[in-house]
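Q: Have a look at the structure that comes next, please.
The values are calculated or read from the model by the stated rules, or taken from the named source; none is laboratory data. Since the structure is predicted, the reported quantities are computational estimates derived from the model, not experimental observations. Neighbour counts run over all protein chains shown; Cβ positions are idealised from the backbone, glycine included. To get the accessible areas, we keep the full protein, side chains included, count just its heavy atoms, and leave off ligands, DNA and RNA. Shrake-Rupley method; radii C 1.70, N 1.55, O 1.52, S 1.80 Å.
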Amino acid sequence: MPTSVLRLPTADHTPQLDSPEFAALLDTLTAEFAATAADHDRDASFPHANFERLHQLGLLGLTVPRALGGLGADLAQTTRVVAAVARGEPSTALVLTMQYLQHASDRKARWPQHLLDRVVRETLRDGALINALRVEPELGTPARGGLPNTIARRTPEGWRISGRKIYSTGIPRLTWLGVWARSDDAEPLVGSWLVRRDTPGITVIENWDHLGMRATGSHEVVFDNVLVPLDHAVEVAPAGAAPDLEPALLLWMSVLLSAIYDAVARSARDWLATWLEERVPANLGAPLSSLPRFQEALGQIDAQLFSNRVLIDAAANGSIASKDAFQIKYLVTNQAIEVVEKAIELSGNPGLSRTNALQRHYRDVLCSRIHTPQNDTILVNAGRAAFAARAAKKISPAGGAGLSSITAKEAS
């Protein structure tokens, strides 16, 4: 399948991603995905047709490097795609974001070449999806520390992986799983083992039934003695080693997650504006949109969404440092929640009716709070960094006091 999303006869896809024609295509995708969003929310069904459409357009390989045959999109281009998809159906956008982050990561350069080639080839040819499976029932998210209970045992024929993962976003359609585990060595390795979804011993327990983002298919996955070759330990390091952080990818993650929930808030805003224009109380004899109170309220909402757009665009275009990435997520997602809550307050009972989309947008936007890093972590780290910066300024030229009692980890 050609990788050009517009099927234009050129090897350089970058200008196409910035073209008016591509912007129009994204608008079309938004409308297409919105048409079935309520159905997927009601049934908690996975939007397979959306991914077929994205594959048809070559968009599942958007962040695959151009040297490997993908579109090689930058963060700003990727953000526009994710936002357009999220305006239509945000669960699709979340699964797509995980795909984009996996392919944009520089860590894949350390994989065995044959594995990298295979994953990319299956992405471009077959529409294969990939995501990391990290969260466990006992441990929760690894972002808060601890070792995984999923064990990879060395055997003569390869690794045997056993364990259990929850919140496995996209599992109904994933082809490749990055399974976070630890080896059974005396000094264990910890990291990701690459596992193909169709490997014997993998069972999906379809128990995803959440309040929001219901179409992500984030079911529980059980690994029972799953065999993978030894070279599928693609991103492992000794337990206790310094985290292998990728600052650029953390920025990508913050921006793309922010774009999803900002898009949800914009959908809520549009629902409210339409409702205010169409609602004509008998005692008023004019639409609610004619009242200064509601005009001011919509202006407030638009000001918050303007703030979100400025933050997202600045970060996507490289104007915000990677160290401030998580504060983008904090500001954008909290303002997105405030926007939808304001829309519900203004609309009253109609906004909470199951027959209207606003209640779905509200349930979806609340899910922004649970993505790593969560609000408390973001604020604690920001405050710690602020105090470390103040302490650094107090260090005398001769050495003096200041950072002597602050570790490098705390300062980061």
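Q: Could you tell me which residue of the range 220-248 is surrounded by the fewest Cβ atoms within 10 Å (Cβ to Cβ), considering only residues that are in a helix (DSSP H, G or I) and at pLDDT below 95? Let's see the steps before the verdict.
A: Let us first name the residues in the range 220-248 that are in a helix (DSSP H, G or I), namely 230-232, 247-248.
Add one more test, that the residue is at pLDDT below 95, and what stays is 247-248.
Numbers: 247: 11, 248: 14.
Out of the qualifying residues, it is 247.
Q: Looking at 212, 201, which is the one that is at pLDDT 95 or above and touching a helix residue (DSSP H, G or I) at 6+ places or on another chain (Cβ under 6 Å)? Even if it seems obvious, please write down each step before you answer.
A: On the way: 201 fails: touching a helix residue (DSSP H, G or I) at 6+ places or on another chain (Cβ under 6 Å).
The match here is 212.
Q: Another question, then. Please go through the range 188-207 and pick out each residue that is open to solvent by 40 Å² or more (accessible area, probe 1.4 Å) and touching a Leu at 6+ places or on another chain (Cβ under 7 Å).
A: If the condition is that a residue be open to solvent by 40 Å² or more (accessible area, probe 1.4 Å) and touching a Leu at 6+ places or on another chain (Cβ under 7 Å), then 197 is the only one that fits.
Q: Could I ask something else about it? If you take the residues of the range 141-169 that are within 18 Å of the chain's Cα centre (by Cα) and more than 20 Å from residue 198 (Cα to Cα), which of them is surrounded by the fewest Cβ atoms within 10 Å (Cβ to Cβ)?
A: Here the residue is 143.
Q: I've got another one for you. Here is a check on your reading of the model: is residue 266 open to solvent by 20 Å² or more (accessible area, probe 1.4 Å), at pLDDT 95 or above and part of a strand (DSSP E or B)?
A: Working: open to solvent by 20 Å² or more (accessible area, probe 1.4 Å): yes; at pLDDT 95 or above: yes; part of a strand (DSSP E or B): no.
For residue 266, the condition - open to solvent by 20 Å² or more (accessible area, probe 1.4 Å), at pLDDT 95 or above and part of a strand (DSSP E or B) - is not met.
Q: Where in the range 48-115 are the helices (runs of 4 or more DSSP H), entirely inside, with at least 1 residues that are more than 17 Å from the chain's Cα centre (by Cα) and under 30 Å from residue 231 (Cα atoms)?
A: Answer list for the range 48-115: 48-56.
Q: Can you tell me which residue among 369, 360 is assigned to a helix (DSSP H, G or I), closer than 22 Å to residue 216 by Cα and in contact with an Asp or Glu (Cβ under 6 Å, 6 or more places away or on another chain)? If you could, list the steps in order and put the result at the bottom.
A: Numbers: 369 fails: in contact with an Asp or Glu (Cβ under 6 Å, 6 or more places away or on another chain).
The match here is 360.
Q: Can you pull out the residues in the range 16-29 that are open to solvent by less than 30 Å² (accessible area, probe 1.4 Å), assigned to a helix (DSSP H, G or I) and among the polar types (S, T, N, Q)?
A: Once the filter is applied, which keeps residues that are open to solvent by less than 30 Å² (accessible area, probe 1.4 Å), assigned to a helix (DSSP H, G or I) and among the polar types (S, T, N, Q), the range 16-29 yields only 16.
Yes/no per residue for (1) part of a helix (DSSP H, G or I); (2) over 17 Å from the mean Cα position of the chain (by Cα); (3) of a type outside the set (Gly, Ala, Ser):
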| position | (1), (2), (3) |
| --- | --- |
| 297 | yes, yes, no |
| 305 | yes, yes, yes |
| 310 | yes, yes, yes |
| 323 | yes, yes, yes |
| 330 | yes, no, yes |
| 345 | yes, yes, yes |
| 350 | yes, yes, yes |
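Q: Collect the residues in the range 83-102 that are touching a strand residue (DSSP E or B) at 6+ places or on another chain (Cβ under 6 Å) and surrounded by fewer than 24 Cβ atoms within 10 Å (Cβ to Cβ), keeping them in residue-number order.
A: Across the range 83-102, the qualifying residues are 98, 102.
Q: Any chance you could count how many residues in the range 317-336 are open to solvent by less than 30 Å² (accessible area, probe 1.4 Å) and more than 10 Å from residue 254 (Cβ to Cβ)?
A: Count: 1.
Q: Within the range 343-362, is there a residue that is within 22 Å of residue 253 (Cα to Cα) and of a type in the set (A, V, I, L, M, F, W, C)?
A: No, the range 343-362 contains no residue that is within 22 Å of residue 253 (Cα to Cα) and of a type in the set (A, V, I, L, M, F, W, C).
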